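Trainee: Below is the structure I would like to discuss, written out as structure tokens.
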Amino acid sequence: MATRAKSKDDKNTGRVLITGASAGIGAELAREFARHGHRLTLVARRREALAALAAELKKDHQADVQIVAQDLAKPGGPAAVLKAAQAGGEPVAILVNNAGVIDVGPFADADTAKITGLIDLNVRASTELISRLLPGMVERGAGRILNVSSLSAFQPVPTMAAYAASKAYVLSLTEALSEELRGTGVKVTALCPGFTETPMIGEIQAGSAAVRGMPKQLLSTPRDVAALGYRALMAGQVVAVPGLPNQITAAWAQVTPRWVTRYVAGFAARRGG
Ligand SMILES: NC(=O)c1ccc[n+]([C@@H]2O[C@H](COP(=O)([O-])OP(=O)(O)OC[C@H]3O[C@@H](n4cnc5c(N)ncnc54)[C@H](OP(=O)(O)O)[C@@H]3O)[C@@H](O)[C@H]2O)c1
């Protein structure tokens, strides 16, 4: 039975826009918001996957779901998404910047187009969505933004260098905005999962023997990650790290000199790469 949202940013004040909702953590976030009675706009490139999820959410939760198939990494992608999402005159009350891609392997071997595409999605698109939506949220005195960052935001990660740097950007942006937005009624949260069982983990495991060898118990489930993300967002928590082992890793990286974390990360990458 769905628990109806009660906050000022609930179903009465606008839709929840979730990017990267066709799979993984984004799909679970969509289920979590639907369970809590929100109206949803789901975004990704694969229309069929979005349509299948929308049908499931309508059936299971009687959810009001709009889908927008769009490549957010393309110039004009974020603007097109917002035009479609707001065509009915309803504002976006909650933005969930979840869509993201990874590249695993030595940076010198990386495909330049893949790296710049990663920055276009993980950094540029999410920043553009925030920049376009924030003025309206501040004006309304209400709004929430959930930015999906990563545990890799807390330290450099050799063999995932651009990805970790993109997630450090997302975390830093979130923390800065959380201070700028004090007193405005708008809250921003960074969700920083560790390795999570989604389609993305297959790509990470293919490129990293160390991650392939990780005990399954150390992987989070997307459902747990989404549930924590929802709770943290609604509680106005600025940084949320799911799972005790990940919280210890994040805390360690924050109290250790940078050269030590860098060296340990490099040593682990050289041994397990
Ligand atoms: N899995 C992990 O271990 C892990 C750990 C920490 C953080 N994260 C972060 O969590 C978020 C979700 O990751 P995930 O593991 O759920 O990944 P995933 O399973 O690969 O799903 C990625 C989602 O992003 C969408 N997407 C990819 N490129 C897109 C584009 N150009 N335009 C629009 N949508 C696009 C994909 O849909 P389409 O293919 O249909 O476009 C899909 O819905 C990412 O930001 C990721 O960095 C993941």
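All of the numbers you see were taken from the coordinates with simple rules; none came from a lab. Just so you know, these numbers come straight off a predicted model, no measurement behind them. Quick reminder, even Gly has a Cβ in these numbers, built from the backbone with ideal geometry, and neighbours come from all protein chains shown.
Trainee: In the Gaussian network model of the chain, springs joining C-alpha atoms below 10 Å, which of 213, 185, 117 carries the largest mean-square fluctuation?
Mentor: Its mean-square fluctuation being the largest, the pick is 213.
Trainee: Using label points projected 7 Å from each Cα along Cα→Cβ, tell me how many nm separate residue 83 and residue 180, to one decimal.
Mentor: Here the modelled spin labels are 2.5 nm apart.
Trainee: Rank by packing, highest mean first: peptides 107-116, 227-236, 47-56, with packing defined as the count of other Cβ atoms within 10 Å averaged across residues.
Mentor: For the peptides 107-116, 227-236, 47-56, the packing ranking is 227-236, 47-56, 107-116.
Trainee: Could you please state, rounded to a whole Å, how far the C-alpha centre of region 166-206 is from the C-alpha centre of region 31-95?
Mentor: 20 Å
Trainee: Here's a follow-up. Among rounded, prolate and oblate, which fits the chain when a ≥ b ≥ c are the square roots of the eigenvalues of its C-alpha gyration tensor, a/c under 1.5 means rounded, and a/b larger than b/c means prolate?
Mentor: In terms of gyration-tensor shape, prolate.
Trainee: Something else now. Figure the gain on full extension for residue 237 and residue 47 (residue separation times 0.36 nm, minus the Cα-Cα span) and round it to one decimal in nm.
Mentor: Between residue 237 and residue 47, full extension yields 65.2 nm more.
Trainee: Right, something else. Can you give the helix-only mean residue ellipticity at 222 nm for the chain, where every DSSP H stretch with n ≥ 4 adds -39500 (n - 2.57) and the sum goes over all residues, rounded to the nearest 500 deg cm²/dmol?
Mentor: -15000 deg cm²/dmol
Trainee: Along the Cα-to-C-beta direction of residue 216, a point sits 7 Å from the Cα; which residues of region 233-260 have their amide N less than 20 Å from that point?
Mentor: Answer for region 233-260: 243-246.
Trainee: Given R₀ = 35 Å, FRET efficiency for residue 55-residue 255 by Cβ-Cβ distance, to 0.05?
Mentor: 0.15
Trainee: So if I place +1 on the C-beta of Lys and Arg and -1 on the C-beta of Asp and Glu, and nothing else carries charge, what would the dipole magnitude of the chain be about its Cα centre? I want it in debye, nearest 20.
Mentor: Computed charge dipole of the chain: roughly 320 debye.
Trainee: Find which of 248, 33, 53 sits farthest along the positive direction of the dipole of the chain, computed with +1 on the beta-carbon of Lys and Arg, -1 on that of Asp and Glu, about the Cα centre.
Mentor: 33
Trainee: What ranking do 123-130, 22-29 get when scored by the average of other Cβ atoms within 10 Å per residue, highest first?
Mentor: Descending packing order for the listed peptides: 22-29, 123-130.
Trainee: Go through 104, 93, 69 and say which Cα lies farthest out towards the positive end of the charge dipole of region 56-133; charges sit on Cβ, +1 for Lys and Arg, -1 for Asp and Glu.
Mentor: Working it through, the farthest residue towards the positive pole turns out to be 93.
Trainee: Given an 8 Å cut-off on Cα distances and at least 6 residues of separation, report the relative contact order of the chain as a percent.
Mentor: Once normalised by length, the contact order is 18 percent.
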